[in-house]
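Take a look at the structure below.
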Amino acid sequence: MSEFGKPGVIGVRKEDKSKWERRTSITPDTVAKLLAEFPFLKFIVQPSENRIFKDGEYLKAGAILSEDLSECSTIFGVKEVPIASLIPNKTYVYFSHVIKAQEYNIPTLDEILKRKIRLIDYEKITDEAGQRLVAFGKFAGNAGCIDFLAGLGRYFLNLGYSTPFLNASFAYTYKNLEKGKEMFRDVGELIENTGVPKPFAPFIFAITGSGRCAEGVLEILKCLPIKIIDPDELPGLVNDKDNPDHLSCAYVTFITAKHMVKPLDPSKEFSKQEYYSSPGAYTPIFHEKYLPYISVIFHCMYWDQKFPRLITSAQIKELALAKNLRLFGICDITCDLEGSIEFLKFFTSIDEPFFLFSPLTGQTSRNITERSTDILYQSVDYLPTELAYDASTYFSEQLYRFIVNIATSDITKPIEEQKLVPEIERAMITWNGELTKPFEYIQKLRKENEAAKKKLWLQENTFPPNKKGLASISLTIKGHLFDTKAINEIFDDLEENKVSFRVLSMEIGQNNGELSQAEIQIFSKDPQVSKKTLETIYYVGEKFGLEIKS
């Protein structure tokens, strides 16, 4: 058997990133339809107990069950593939989360290049206009909205208010999406009859973006009594305090690019095309013009680093200090760490989907049972799996027309000779050990991210001089210090830089699975030497994957 596998032999991975990941990229129905149309195909499916479609359904459809996918030329999955599971010289199709040079997936990207894997990412399967063709987005919006509204019921209960939202449950508890929508229609009737808490009225839900995810949020909100309003109506709505409609409905507004920024040149009107091509010619306005009036943000917009943030930590703190903030919830479906919402510092899970965020202090709390008016924040980054049946069925139907083209293409030939359809060729991120031309920017972005990370680390870890001019810093270093000889390299570098240091404590892991920890104190009189020393330690930490804190 060739190291590239047999063309037409298709693997379907079992998902192993989370116990909650029950989706599949190819359903048994799709397997059966493709085998009926293309009898030469062969499907090998890894057995899985928690997948929404059972192993027996795949067998009935004509697939083979096996843990071994080495015969396959193409392997389809959903979430990121662990490095240990990557088979060299294969084609992998999944959501890789590397197109923004995401730090947590860079080691996997390096290994994909090393193993000469052809990586195709669903996120980049687009038409000529750049519209995505294979996505779970709507179901992320559906599940995110369902979960957040259910969480809102518990949030208000902690504050002493029993609301109709308390009758709702999380998305994964429903057999399918329609069952969830039935429940929220009941919640909607209760809102009309019993109302919402008066101190928080009017309820104003803002949806950012206008894609599938936003459509999914709106699909759930439409089960409630809502009124859709323009963002520019917000001030008048909030100032109309005695309007009885506020208690028996919720208001929904859509925040798009034109509500987020304005041109620096006051003589110009907003131009979406210009903003996307030259974002530096625009300045943020959302935090001043709209955020003070919003109750909940359903965050669904795409963002990358060239654009201004939707909300910064400083902006929300300023509004809170001025007591000009009505916001009590953020359902962050976009989930960009420290991205368009700067104070998103970590993802949550389906087990624990919420945390509380204080805009005044910037602190977070996982104890969401406490009585608190801090902002309820949801940041689950794999929401569609809660509606695993609907999401998988829809996704597989979208993917259907591309499966044969990918699986029968020849990975050994130059890209232009592989006979991939344009939609798939546009989605090929790596081939033959290199980034493809459209994605070469990832290396540049990676270097920029690494430089920014280093700069921040050096700013946070400095040598403060004492009155005698002697500067010192204590560092706690955690990781595989001894089996990798990382600690030896650090000590050698300190001696080479001719700085004084002493070891304050040392905790040695008892086996290869346990991490070791060392606390060292470093002294220096020369600021340049201090800076060089910290840079050296930073690079050793990056090299060996160490955690270093002052």
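Taking the criterion of being hydrophobic (A, V, I, L, M, F, W, C) and farther than 20 Å from Phe254 by Cα, the residues of region 274-315 that qualify are Ala281, Ala314. In the set (1) outside any loop (DSSP other than H, G, I, E, B); (2) in contact with a His (Cβ under 6 Å, 6 or more places away or on another chain), the condition left unmet by Thr334 is number (1). Only a single criterion out of (1) under 18 Å from Phe395 (Cα atoms); (2) of a type in the set (Gly, Ala, Ser); (3) within 26 Å of the chain's Cα centre (by Cα) is not satisfied by Ser48, namely (1).
Of the residues making up region 261-284, none is buried (at least 21 other Cβ atoms within 10 Å of the Cβ) and under 27 Å from Gly144 (Cα atoms). Within region 396-405, one or more residues are free of Cβ contacts under 8 Å to residues at least 24 places away in the same chain, among the basic types (Lys, Arg) and not in a loop (DSSP other than H, G, I, E, B).
Does Tyr302 fit the bill of being in contact (Cβ under 8 Å) with a residue 60 or more places away in the chain and in contact with a Leu (Cβ under 7 Å, 6 or more places away or on another chain)? No, not satisfied. Summed over region 200-237, the residues that are more than 30 Å from Ala135 (Cβ to Cβ) and in contact with a His (Cβ under 9 Å, 6 or more places away or on another chain) give a count of 4.
On the basis of being assigned by TED's automatic domain parsing to the domain that holds Met301 and in contact with a Lys or Arg (Cβ under 9 Å, 6 or more places away or on another chain), does Ala201 make the cut?
Working: assigned by TED's automatic domain parsing to the domain that holds Met301: yes; in contact with a Lys or Arg (Cβ under 9 Å, 6 or more places away or on another chain): yes.
When the stated conditions are applied, Ala201 passes them.
Listed by position, the strands (runs of 3 or more DSSP E) contained in region 1-88 that have at least 1 residues being surrounded by fewer than 23 Cβ atoms within 10 Å (Cβ to Cβ) are 6-12, 42-45.
Taken over region 266-290, the criterion of being aromatic (Phe, Trp, Tyr), in a loop (DSSP other than H, G, I, E, B) and more than 19 Å from Leu321 (Cβ to Cβ) is satisfied by Phe270 alone. Just give me the residues in region 305-329 being in contact (Cβ under 8 Å) with a residue 40 or more places away in the chain, assigned to a loop (DSSP other than H, G, I, E, B) and touching a Pro at 6+ places or on another chain (Cβ under 9 Å), in sequence order. Listed by number, the residues that qualify are Pro308, Leu310, Arg326, Leu327. Checked against the criterion of being outside any loop (DSSP other than H, G, I, E, B), surrounded by 15 or more Cβ atoms within 10 Å (Cβ to Cβ) and either over 24 Å from the mean Cα position of the chain (by Cα) or modelled with pLDDT of 90 or more (or both), region 456-472 has at least one qualifying residue. Ile204 satisfies every condition listed in (1) at pLDDT below 95; (2) surrounded by 14 or more Cβ atoms within 10 Å (Cβ to Cβ) except (1). On the stretch given as region 148-173, residues that are in contact (Cβ under 8 Å) with a residue 60 or more places away in the chain and either assigned to a helix (DSSP H, G or I) or of a type outside the set (Gly, Ala, Ser) (or both) total 11.
Any idea which of Thr348, Thr412, Thr361 is among the β-branched types (Val, Ile, Thr), surrounded by fewer than 16 Cβ atoms within 10 Å (Cβ to Cβ) and assigned by TED's automatic domain parsing to the domain that holds Leu321?
Selected residue: Thr361, the only one of Thr348, Thr412, Thr361 that is among the β-branched types (Val, Ile, Thr), surrounded by fewer than 16 Cβ atoms within 10 Å (Cβ to Cβ) and assigned by TED's automatic domain parsing to the domain that holds Leu321.
Taken over region 238-262, the criterion of being within 31 Å of the chain's Cα centre (by Cα), assigned to a helix (DSSP H, G or I) and among the hydrophobic types (A, V, I, L, M, F, W, C) is satisfied by Ala257, Met260.
Tell me, which residue of region 285-314 that is in contact with an Asp or Glu (Cβ under 9 Å, 6 or more places away or on another chain) and over 25 Å from Cys145 (Cα atoms) is surrounded by the fewest Cβ atoms within 10 Å (Cβ to Cβ)? Looking at residues that are in contact with an Asp or Glu (Cβ under 9 Å, 6 or more places away or on another chain) and over 25 Å from Cys145 (Cα atoms), I get Ala314. Listed by first and then second residue, the pairs with beta-carbon distance under 7 Å, at least 6 apart or on different chains, first residue in region 539-550 and more than 14 Å from Lys485 (Cα to Cα), second among the β-branched types (Val, Ile, Thr) and crowded, with 17+ Cβ neighbours inside 10 Å, are Ile548/Ile477; Ile548/Ile537; Ser550/Ile473. In region 364-395, which residues are among the aromatic types (Phe, Trp, Tyr) and touching a strand residue (DSSP E or B) at 6+ places or on another chain (Cβ under 8 Å)? Selection gives Tyr377 alone. Residues in region 494-522 that are small (Gly, Ala, Ser), modelled with pLDDT under 80 and either in contact with a strand residue (DSSP E or B) (Cβ under 9 Å, 6 or more places away or on another chain) or crowded, with 16+ Cβ neighbours inside 10 Å (or both): 2 in all.
The values are calculated or read from the model by the stated rules, or taken from the named source; none is laboratory data. Just so it is clear, the model here is predicted, and its values are computed rather than measured. All Cβ positions, glycine included, derive from the backbone under ideal geometry; neighbour counts span all protein chains shown.
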